[in-house]
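Taken together, the values in this text are just the output of simple stated rules run on the coordinates, not laboratory data. Source: prediction; values computed, not measured. All Cβ positions, even for glycine, are placed from backbone atoms using ideal geometry, and neighbour counts span all protein chains on display.
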Amino acid sequence: MNYTDYNPWWKEKEVKSELVGIKRNNFEVVSQFMDDRQILILKGLRRVGKTTLVYQLIDSLIRGGVSPFDIFYYSLDQPFIDIQEAIDWYKKNVAKDFENKRVYIFLDEIQKENFWTATIKQYYDIYPNIKWVLTGSVTLDILGKANESLAGRFFSFLIEPIDFSEYLDFISFEYDIERFSVYEEALNSHLFDYLRTGGFIEAIGKNSVFIQKYFLESLIGRIISQDINNLFSVQKPDLLAKLFQIISISPGMLINYQNLSNDFSCDVRTLENYIGILEKSFLIRKMYNYSKNQISSERKLKRAYPYSPAFSIAFQPNRIEDPVFISILIETLAIKNCRYFFRYKEYETDGIFTNVDSVLPVEVKYREKIQIQDLKGLMYFMKKFDAKSAIVITKNLLDRWEIDGLCIDLIPVIQFLINKSNIEKGFCSRL
């Protein structure tokens, strides 16, 4: 193993510009913790930019005066080399006086090493001079082990595909959101492109044939056929793949394990396990039926969405012109950070943001016209749970309705997505 190939800055004294790429908002969020002792864990789906962020952090260190020899990067995607062996080589051959100076160790795809937490914990406790930055693509294997062995020693960050606002910056599209109508047609066109690419930078600007192969083969195919099979005991990989395809084709479906068990002639526990694996691998996300009683929410049927609307399009590219399908894709995107939905008899609300003492219901109505009777589920929820305000995400309608003391803001999806972080401010996200 030639570790020098992984660390070209040892020879070149800099990080190549093609590795650094364009800095995203998450660079500023993560980089402010580089001077602290805590281990940084960057988690997220494959291909979302975790490794690029690592290169950006390394580049920032070198530009800030850190010796390139005091920075070590290694990807555990390579077989047969464990963490201890890699660090021993670095100590012996590069990091002279290792114990007495600040060094930075970056390890990519850390979940590939079965006993990584024990090794990292030992070094963390013995060598306070080491700053660790780790990345991983599976929540269960990353934070599950970290919470057990590294309690109090790490900060974790969810790295996601670029959001719509970042996407517009990435393609250098200039607009004035205060004059929305002037840019509406172009913004809606970019929204469709964003839905197709899901915010995955490698897919931006590519044609539909490339994008479909990229998601089905390079991303989803690799995760299901390689990553998951290497990490978990999956006795029925075809069933796992089928479950993911069903959820991608039917975003927001209710997960009824008994019905699925009958359909697939499979044990309920196996299905629960496989759905859990898909969620922890960032391929799907589950939402819980809201209740003030957490136990009650756990007992009720959950909804399942693909992690990205682009996954749904990859399986059904011919439906991209279907208004019903588009509305479902908008829903998938808009309520991504909601942990809860609400469903009781004929009353439903798409998403519920929550914090300690309040709730903010969100309904997606991607259509030309909206009437009060279209919001009966939303209004039922507001009255039942004393929510004084709500958001309705529309196609192009911007308005505020005051109904029976309830305040309902109607916001075009473009404006919602661009201002999403501000709109959600004060409410818990699923990071």
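Amide H contacts of I41 (H built 1.01 Å from N, in plane; Pro and chain starts excluded): L134, F155, S156, F157 sit under 5 Å, all sequence-distant by 5 or more or on other chains. Over 30 Å between C-alpha atoms is what I'm after, so list which of K206/K395; K43/K365; K242/K388; K121/K236; K13/K213 land there. The pairs that break the limit, which is 30 Å between Cα atoms, are K43/K365; K242/K388; K121/K236; K13/K213. Computed from phi, the 3J(HN,Hα) profile of the range 160-170 under the Karplus parametrisation 6.51, -1.76, 1.60 (θ = phi - 60°) reads 10, x, 4, 7, 5, 5, 5, 4, 4, 5, 4 Hz, with x in place of Gly and Pro. Can you bin the range 117-236 into rounded, prolate or oblate? Criterion: square roots of the alpha carbon gyration tensor eigenvalues sorted a ≥ b ≥ c, rounded for a/c under 1.5, prolate for a/b above b/c, oblate for the rest. Judged from the Cα gyration tensor, the range 117-236 comes out oblate (a/c at least 1.5, b/c at or above a/b). When mean projected area of the Cα convex hull in nm² is computed from the coordinates, the matching label among [x] 24.0; [y] 22.6; [z] 20.4 is [y].
Here the Karplus curve 6.51 cos²θ - 1.76 cosθ + 1.60, taken at θ = phi - 60°, turns the phi angles of the range 389-398 into couplings of 9, 8, 10, 10, 8, 10, 6, 8, 8, 10 Hz, with x standing for Gly and Pro. In this structure, the amide hydrogen of M253, modeled 1.01 Å from its nitrogen in the peptide plane, lies closer than 5 angstrom to those of A304, counting only residues at least 5 positions away or on a different chain. Need one number: the % of Cα-Cα pairs in the range 235-287 sitting beyond the 17 Å mark. Result: 25 percent of Cα pairs exceed 17 Å. Take the alpha carbon atoms of the range 274-322, find their center, do the same for the range 252-273, and report the distance between the two centers in whole angstrom. What the calculation gives is 14 Å, centre to centre.
The magnitude of the dipole of the chain, with charges of +1 and -1 set on the Cβ of Lys/Arg and Asp/Glu and taken from the Cα centre, is near 820 debye. Packing around the peptides 405-411, 370-376, 71-77, taken as the average count of other Cβ atoms within 10 Å per residue, puts them in this order, highest first: 71-77, 405-411, 370-376. Using the rule -39500 (n - 2.57) for each DSSP H run of four or more residues, divided by the residues of the chain, the 222 nm mean residue ellipticity is -11500 deg cm²/dmol. Across the alpha-carbon atoms of the range 336-431, the computed radius of gyration and Dmax are 12.5, 35 angstrom. Rg/Rh for the range 207-324 stands at 0.99; both radii use Cα atoms, and Rh follows the Kirkwood definition. Selection among W10, I126, Q78 by position relative to the dipole of the range 3-158 gives W10 as farthest towards the positive end (Cβ unit charges, Cα centre). Ordering G377, G405, F341 by the projection of their Cα atoms onto the charge dipole of the range 336-431, which places +1 on the Cβ of Lys and Arg and -1 on the Cβ of Asp and Glu, puts F341 at the extreme positive end. Peptides 191-197, 331-337, 217-223 ordered by packing proxy, namely the average of other Cβ atoms within 10 Å per residue, highest first: 331-337, 191-197, 217-223. Please state the shape class of the range 252-409: rounded when a/c is under 1.5, otherwise prolate if a/b exceeds b/c and oblate if not, all from the C-alpha gyration tensor. Oblate.
Dividing the Cα radius of gyration of the range 10-146 by its Kirkwood radius returns 0.93 for Rg/Rh.
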